[in-house]
Each structure stands twice: as structure tokens, then as C-alpha cells.
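The values are calculated or read from the model by the stated rules, or taken from the named source; none is laboratory data. In this text the structure is predicted, and so the values were computed from the model without any measurement. Cβ placement follows ideal geometry from the backbone for every residue including glycine, while neighbour counts extend to all protein chains displayed. Ligands, DNA and RNA are excluded from the accessible area calculation, which covers all protein heavy atoms including side chains. Shrake-Rupley method; radii C 1.70, N 1.55, O 1.52, S 1.80 Å.
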Amino acid sequence: MPKPSPAGRHPKARRPALLRELGRRLVAAREAAGLSLSELAQRADVSRRYLTDAEAGRANPTVLVLVRLARELGTTAAALIDVPTHARAEERIALVGLRGAGKTTVGRRLALALEVPFVELDAEVERQAGMALGKVFELHGAAGFHRFEAAALERVLARGERVVVATGGSIAEVPQTFERLLATCRTVWLTARPEEHFARVAGQGDLRPMEGRPRALDELVDLLDRRRALYGRCEQTVSTTDRSPDDVSSEILANLSRAGLGPDPD
């Protein structure tokens, strides 16, 4: 089993950002896969101590070790190490979460504070498809929508500009697109109580989630439970429950500032 050498380990103050980010992704992927440290270490044929160091950003795994870890985690080595540089990471913030989490409202506040464009990925899909989202699903189904969504994300990234992006709630369930989002943007999961999700959607005049579905709230809770581990891979998790959009935006900006990204909070 690989043993971390003193030269391959880094004190916390000097840990490269790449290794810290790799460690964060290893932890998130392991938790999403429902594996303990010991289970993953055994399956990937590394020592538990080595894996602990890798997750803490203290070890610099070889390509072969990364491939074994990725295989056991149900992902790819490329997805684990495709980490944006400081400049690229600073350019894009992506908001993730269920409908009614506040992605659009908070996203506009963030974009205003950062003086960058705000983009709704669903709106990009509509422009590309030349039709409303409902029609996209009707004619092309969920698989067709997600193909449009992946293409829309690539168009946003290709612009090479600083931007705040609000994503659709189901993007987390499309592995290739979600991995691409995680690799190219600073990701923030906006959370809220299920009741608040419903109240916000209804407050916008959209009653479709409730029509003819007496168990709609229970279904939303089940959906959140199913996606929780996926959403949890985002770099930040910020609650919007009983909070103003400005308050939520300020917390996100403060977190970015502590990470050395974005403006200093007032």
C-alpha cells in the first residue's frame, strides 16, 4: 500500500490549494457513495492513514492511486483533479438547489454586488431550444432537456466571463454536467425548509407543483433526501430559510472572501 513520505506531505499552512480541493472532493464523493474511510481504503488498496492524509490535503496521490479511488467512488480521476485555477474559480459562481430555494433572487443580488452578469441556465435552454421549458419536456423529454442544459452550460463557460449562474434543480442528477459545474465554478447549495420552497413557488403564482398532487410536499421531501448527498458536494451550503436575499448574499460573499475570492465584505 502507498505510504505518504515526509516530502509528499504538507503542513496545513503550506498545503497547495489543489491538494486541499482534491481532499474536499474525495470526502464529498466518499460520503455520496456511502463509504467509510476504512471501506474506501480497503477497496482502493491504500492504507487508512494515507486516505486520511489525502482527504485532509496532506498527501499528493499518484495517478494510479487516483484512478483506483475514482473507480471505487463511481467517478473519474479527471473529475477529482479538474480543479479550476484561482482566476477561473473567481470568475464564476453557480447556485444549486431545489426550486424555490431562492437561486434567482439571491443570484441577482450576488451579481449586482460583484458587478457581473447573472444567467439563469433554464433561460439559456429556452433560448437554445426556441421554446418554453414545458414544451422542451413535452417534445424532448427529460433526457432531451438535459442535453440542452449541458450545451447551455458549455456556452456560458465558453464566454470566459465572470458570471453568477442559477442552475436547474435536477442538474445534480446528471453526473457529467454536474461534474463539469463543480470543476469550473464556485458552487453554492441554497437550502430551505420544504414548506418554504412551496410557499415561494406559490408566491410567484405558480401552483403547478401542487395541482392534483395531495402528497406534493411529501414528494418534495423525498426529492430533497435523494439529492442531499449530491447537493452536499458544493463548496458552500447556505440556508435561505427566514432570511432576506441580501443576508444570504452577504454570507456567500463573506465565505468567498475568506477563501481568498471575491470582494472583501463590508
Discussion item. Out of the total accessible area of segment 88-258 (probe 1.4 Å, heavy atoms of protein only), what percent is carbon and sulfur?
Written reply: 51
Worksheet item: Any idea of the accessible area per residue across segment 88-258, 1.4 Å probe, to the nearest Å²?
Response: 47
Response to the item:
Under 5 Å from the placed amide H of R162, counting only residues 5+ away or on other chains, we find none
Worksheet item: What is the mean projected area of the alpha carbon convex hull for segment 85-187, to one decimal in square nanometres?
Response: 6.1
Worksheet, complete the sentence: Once V116 and D242 are pulled to full extension, the length gained, defined as 0.36 nm per residue separation minus their Cα-Cα distance, is 42.7 nm
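Quick check for me: using +1 on Lys/Arg Cβ and -1 on Asp/Glu Cβ, what's the dipole size of segment 12-83 about its Cα centre, in debye to the nearest 20?
That gives segment 12-83 a dipole magnitude of about 300 debye.
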Worksheet, complete the sentence: Magnitude of the Cβ-charge dipole (Lys and Arg +1, Asp and Glu -1) of segment 88-258 about the Cα centre, nearest 20 debye, reported as 260
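Loop only by DSSP, 12 or fewer other Cβ within 10 Å of the Cβ. Give me the GluC sites (Glu not before Pro) in segment 96-139 that pass, ordered by residue number.
E115
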Item to complete: For segment 88-258, just say rounded, prolate or oblate: build the C-alpha gyration tensor, square-root its eigenvalues into a ≥ b ≥ c, call rounded for a/c under 1.5, and beyond that prolate if a/b exceeds b/c, oblate if not.
Response: oblate
Item to complete: Mind checking the per residue accessible area of segment 12-83 for me, 1.4 Å probe, whole number of Å²?
Response: 50
Worksheet entry | Selection of trypsin sites (Lys or Arg not before Pro), segment 86-173, meeting DSSP coil and at most 14 other Cβ within 10 Å | R159
Response to the item:
Debye calc, one equal point scatterer per Cα of segment 12-83, no solvent, log10 I(q)/I(0) at q = 0.23, 0.29 1/Å comes to -0.98, -1.59
